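Okay, structure first, notes after.
Bear in mind these aren't lab numbers, they're just calculated from the coordinates by the rules spelled out. Everything numeric in this text was worked out from a predicted model, so none of it was measured. So basically every Cβ, Gly included, is an ideal-geometry build from the backbone, and we count neighbours across all protein chains shown.
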Amino acid sequence: MAQRQSTTAAVRNGIESDTQYGAVVPPLYLSTNYSFDGHKIPREFDYSRSGNPTRSVLANTLAELEQGVSAVITSTGMSAITLITALLDHNDVLVVPHDCYGGSLRLFKHLSSKGHFILNVIDQTDKFAWENAIAAKPALIWLETPSNPLLRVVDIKAVVNKAKTVNALVAVDNTFLSPLLQQPIALGADIVVHSTTKYINGHSDVVGGVVVAAEKELGEQLDWLANTLGLSGGAFDAYLTLRGIRTLPLRMKQHEYNAQCIVERLTAHPQVAKLYYPGLPDHPEHEIAKKQQLGFGGMISFELKGGEASLVTFLETLSFFSVAESLGGVESLLAVPATMTHRSMDDEAQQRAGISPNLIRLSVGIEDAQDLVNDIVTALDAAARYNGVDA
């Protein structure tokens with residue numbers, strides 16, 4: 001096969017692969033089982049938990065996009081994370097960020113409390129915290145960059161260099177950027193994970209996950225564990241996700257363009273107390289983001305001035321942002337992390353992570369940019385009037 005760019009791979013992978021009828025789009029295989037060629041000779045696929053033709057096309061596509069050797073398609077993003085933790089023994093140390101997605105942190109703490117591994121939760125922007133973490137010789141380092149919801153950026157190459165000194169694996173949650181805007185394996189990571197529910201599928205109608213491995217042996221281990229634990233994704237979900245990938249390059253461009261238009265207005269509005277977007281020159285990790293990302297993505301977080309009444313006024317004034325969890329769909333979404341995506345974290349943990357009650361996370365969709373900007377400004381003006389702030 002000729003060498004191709006990521007945008008071409010996203011569109012072309014699996015196209016014209018049907019040898020029976022010459023279908024341009026790869027068919028959907030819903031069969032749960034496949035006949036043996038005699039009782040001793042299994043074919044390429046025998047049982048759909050272990051392998052499925054439709055799921056394989058999706059796995060091959062994501063492995064190529066992430067520059068990995070193989071990928072495992074899982075039923076959800078959380079099952080993808082669970083699969084990675086299954087690599088660990090009870091005395092292994094797992095290092096994770098204190099400001100990661102609330103569902104991830106909940107899982108890590110639960111499994112650690114059951115004795116599956118030893119958990120070390122640190123501020124990954126603190127160099128002294130890193131020194132102590134590496135001194136404990138972790139088996140696995142978990143990165144979420146940009147982080148959810150504060151969009152902190154971690155230098156993947158720098159962490160990989162630290163990890164190599166103690167033979168630790170590095171896994172990166174790349175959900176916020178997709179393979180089109182960041183490729184952690186090219187930066188030295190061993191594993192990349194996505195909730196494919198988000199940008200990769202992009203239409204808020206499929207739940208799924210993927211784990212991509214940089215090396216063959218690790219990929220085989222992850223594949224064996226996924227089959228053993230029953231974490232594999234379904235064929236129809238894989239089919240829809242593959243359809244979503246075809247438009248990923250175009251969608252990501254519009255997500256990012258719309259986000260930048262909104263950021264421009266947020267920076268100038270007096271009702272915004274703090275703004276978190278790695279594309280801003282004053283973002284603490286802006287230079288790192290420029291170095292390791294191919295773009296700044298469609299996620300924005302900001303803190304609103306005032307109390308809960310100001311927040312409610314802002315939310316009730318919006319027309320084109322749905323107040324809902326998840327992200328990465330074609331439609332614009334808004335979440336209040338403290339009471340939605342990160343509500344599983346207690347108040348102390350939220351404060352430590354920097355999640356305030358008035359923090360708002362935007363997943364900017366692909367609607368008309370001016371409509372979205374006008375909607376946000378109108379809602380901010382309404383909240384400002386409520387608080388007596390000149391808008």
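Quick notes on this one:
- Overall dimensions of the range 186-305, expressed as equivalent-ellipsoid semi-axes from the Cα gyration tensor (√(5λ), whole Å, largest first), are 33, 18, 13.
- Note on the chain: with charges restricted to the Cβ of Lys and Arg (+1) and Asp and Glu (-1), its dipole about the Cα centre is near 500 debye.
- Relative intensity of the chain on a log10 scale, I(q)/I(0) at q = 0.09, 0.10, 0.14 Å⁻¹, equals -0.54, -0.66, -1.22, per a Debye sum over C-alpha point scatterers of equal strength in the absence of solvent.
- For the range 239-295, the percent of C-alpha pairs falling in each 5 Å distance bin, counted from 0 to the bin holding the largest distance, reads 4, 16, 19, 20, 17, 11, 8, 4, 1, 0.
- All-pairs Cα distance distribution in the range 248-387, expressed in whole percent, bin size 5 Å: 2, 10, 19, 23, 22, 16, 7, 2, 0
- Entries in Lys109/Lys162; Lys114/Lys291; Lys137/Lys216; Lys127/Lys253; Lys114/Lys274 that, when Cα-Cα distance is taken, lie over 32 Å: Lys114/Lys291; Lys127/Lys253; Lys114/Lys274
- Around Leu187: net Lys/Arg minus Asp/Glu count, Cβ-Cβ under 10 Å: +1
- Ordering of 123-129, 15-21 by burial proxy (mean other Cβ atoms within 10 Å per residue, highest first): 123-129, 15-21
- Length-normalised contact order of the range 152-268 in % [C-alpha pairs under 8 Å, at least 6 apart]: 20 percent
- Degrees separating the helix 216-229 axis from the principal Cα axis of the chain, which is the longest one: 90 degrees
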